[in-house]
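Notes for the one structure printed next.
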Amino acid sequence: MNAFVTRFAPSPTGLLHLGHAYSAWAAHDAARACGGKLILRIEDIDRTRCKPEFEQAIYEDLDWLGLTWETPVRRQSEHFEDYTEALETLRDKGVVYRCFKTRKDIADEIARAPHLTPDGPEGAQYVGAMLAALEERSLLAEGAPFAWRLDTSRAAQIVKNVSGPLTFMEEGAGPKGQHGTITATPEIFGDPVIARKDLGTSYHLASVYDDALQGVTHIVRGEDLFPATHLHRLLQAVLDLPAPTYRHHRLITDEAGKRFAKRDHAVTIKALRESGETPASLRKRVGLS
Ligand code: GLU
């Protein structure tokens, strides 16, 4: 058994850029340093935003960067039934509820009482409620679309009753230098959507599920995902999945200190490759030896 398994889990919604190269190398170097394994996973649940040509470009770019990975690569779009099963487990535990509200309904509700919904990592910390059985039944009969929201406080309470305070281990650093044993505060998400109306799952659920399925022991990723870890830790605990160790890393920024986005074409790995850069020159540029 591998003692150290990490992963690089890009979404093929655009070309990878220098920030992704840094992240992929960080995971790769961490695995190599201890004789561990790097898994590549394609996070393509959002079929409208993900494109086959971007997936192909991921393989080409990573190969050029010098990474190797096992095949077949897990593509999340081929495993929706797994995420449905995870959602059923959450339903069995009574920690999710159907939300029939539209974005507008929720925005209106928040506008009426903004003090109740401070901002969290994904916008307002919206907390809804399960509908009365009769009302829910009639909406279902009408075929009204709905998302599933996590009842965060109920899930957190269940976990706390069983195993005490929820924490995760950060071996890297969060955006404010958070390091070491961190107390998880999933309530910063309010009751997040855990299964989208259009997808039946979410990044959070699919990613947490796959990390456990693939035996990931260490998650190396950008510090922009540090806040999501509070929620991921709760999902792991409530789904009885093991807790990986986290190593969040700094984000690569341009000269003005702005982080790269997929729309910054000048710093895509493809553009850099075509402009004559080499993997060695790029490693140097992002501060890796
Ligand atoms: N698929 C996510 C992204 O491309 C990364 C998820 C993760 O590393 O947990 O931003």
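The values are calculated or read from the model by the stated rules, or taken from the named source; none is laboratory data. Quick caveat, the model's predicted, so the values are computed rather than measured. For neighbour counting, all protein chains shown are included, and Cβ atoms are generated from backbone atoms with ideal geometry for every residue, glycine included. Note: accessible area is taken over every heavy atom of the protein model, side chains too, but ligands, DNA and RNA are not part of it. Shrake-Rupley method; radii C 1.70, N 1.55, O 1.52, S 1.80 Å.
Quick one: go through region 46-66 and flag any residue whose amide nitrogen is under 20 Å from the point 7 Å out along the Cα-to-Cβ line of residue 285. Residues 57-66 qualify, since their backbone N sits under 20 Å from the label point. Estimated at 0.36 nm per residue, the fully extended path between residue 73 and residue 274 surpasses their Cα-Cα distance by 69.7 nm. Can you run the Rg to Rh ratio on the chain? Use alpha carbon positions and the Kirkwood inverse-distance Rh. Dividing the radius of gyration by the Kirkwood radius yields 0.98. Binning the C-alpha pair distances of region 54-128 at 10 Å intervals from 0 yields a P(r) profile of 14, 24, 24, 23, 14, 1 %, listed from the shortest bin outward. Rg and Dmax of region 228-289, based on Cα coordinates, read 17.2, 49 Å.
Maximal additional length on extending the residue 162-residue 129 stretch stands at 9.5 nm, based on 0.36 nm per residue less the C-alpha distance. Across all directions, the average projected area of the convex hull around the alpha carbons of region 1-140 is 12.5 nm². Give the share of C-alpha pairs in each 10 angstrom bin for region 1-78, from 0 to the last occupied bin, in whole percents, shortest bins first. Bins of 10 Å from zero give 19, 53, 25, 4 percent of pairs. Loop only by DSSP, 12 or fewer other Cβ within 10 Å of the Cβ. Give me the trypsin sites (Lys or Arg not before Pro) in region 17-109 that pass, ordered by residue number. Counting only loop positions with at most 12 other Cβ atoms within 10 Å, the trypsin sites (Lys or Arg not before Pro) in region 17-109 are 47, 49. If only the Cβ of Lys and Arg carry +1 and only the Cβ of Asp and Glu carry -1, the dipole of the chain around its Cα centre is close to 500 debye. Of the residues 35, 45, 123, the one whose Cα sits farthest toward the positive end of the charge dipole of region 24-126, with +1 on the Cβ of Lys and Arg and -1 on the Cβ of Asp and Glu, is 123.
Our compactness index for region 104-227, the C-alpha radius of gyration over the empirical 2.2 N^0.38 Å, is 1.23. For residue 188, the solvent-accessible surface with a 1.4 Å probe is about 50 Å², rounded to the nearest 10.
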